Amino acid sequence: GTSIHNLAELPIEIVSTGYPVLIVPFNSLKSLLEISPNFKKIKIFQKRYECFFYACTKEPQLNSSAHARMFDPLDGIKEESATGTAAGALSCYLFKHNLASDFSNLVFEQGYSLNRPSEIKASLQLSNGKIISVNVGGAASIVKELEINY
């Protein structure tokens, strides 16, 4: 169990499992889905701190560990439907703040605001109260195929 359900009581932090991710906690699913990101300001922040923005709440639509939205306008991605790197970082954030009962079986919802719902599975391997590995995965389906010439 968790003592804090309201993620917005927690700090905004940059967490990295290979690439830095700014974890931005929200009170509720409603407030998370209603945000209108200021992409110009996010880009300025990204240039300085080199990170993705991962906004999240512990109030999921389904029976998941959290619901999240990822913004990376600096790389031309206003919003992404599934982000494994960010899910790994959020897993570590949840562990740091003791916000899950089973860190070997985390599930994150993402992409709902894009009408492309995703389910990202993550697990932490722990030893002596410390994270020793982070595993992230899930299933995918082809939505669109593109050929890129460069």
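A compact table of results
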{"quantity": "For residue 127, solvent-accessible area (1.4 Å; no DNA, RNA or ligand), Å²", "calculated": "50 Å²"}
{"quantity": "Separation of alpha-carbon centers, the stretch 79-124 and the stretch 10-54, rounded to whole Å", "calculated": "14 Å"}
{"quantity": "Most to least accessible of 97, 67 (protein chains only, probe 1.4 Å)", "calculated": "97, 67"}
{"quantity": "Spacing of the two label points (7 Å from each Cα toward its C-beta) at residue 133 and residue 27, in nm", "calculated": "4.1 nm"}
{"quantity": "Segment residue 104-residue 43, length gained on full extension (0.36 nm per residue, minus Cα span)", "calculated": "18.6 nm"}
{"quantity": "Per-residue SASA entry for residue 145, accessible area with 1.4 Å probe, Å² rounded to 10", "calculated": "150 Å²"}
{"quantity": "Residues of type aspartates and glutamates that residue 43 reaches as a straight line, Cα spacing below 16 Å, ignoring anything fewer than 8 places off in the same chain", "calculated": "72, 75, 79, 80"}
{"quantity": "Residue 35/residue 119 FRET efficiency (R0 25 Å; Cβ-Cβ; nearest 0.05)", "calculated": "0.70"}
{"quantity": "Listed pairs 40/130; 58/78; 40/96; 47/78; 78/121; 30/130 exceeding 26 Å between Cα atoms", "calculated": "40/130; 40/96; 30/130"}
{"quantity": "Ratio of the Cα radius of gyration of the stretch 18-85 to 2.2 N^0.38 Å, where N counts its residues", "calculated": "1.09"}
{"quantity": "For the stretch 1-116: accessible area per residue (Å², 1.4 Å)", "calculated": "50 Å²"}
{"quantity": "Overall Cα dimensions of the stretch 68-146, principal axis frame, Å, largest first", "calculated": "46, 26, 19"}
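The values are calculated or read from the model by the stated rules, or taken from the named source; none is laboratory data. Keep in mind it's a predicted model, so treat the numbers as computed, not measured. Cβ atoms come from the backbone with ideal geometry, glycine included; neighbour counts cover every protein chain shown. To get the accessible areas, we keep the full protein, side chains included, count just its heavy atoms, and leave off ligands, DNA and RNA. Shrake-Rupley method; radii C 1.70, N 1.55, O 1.52, S 1.80 Å.
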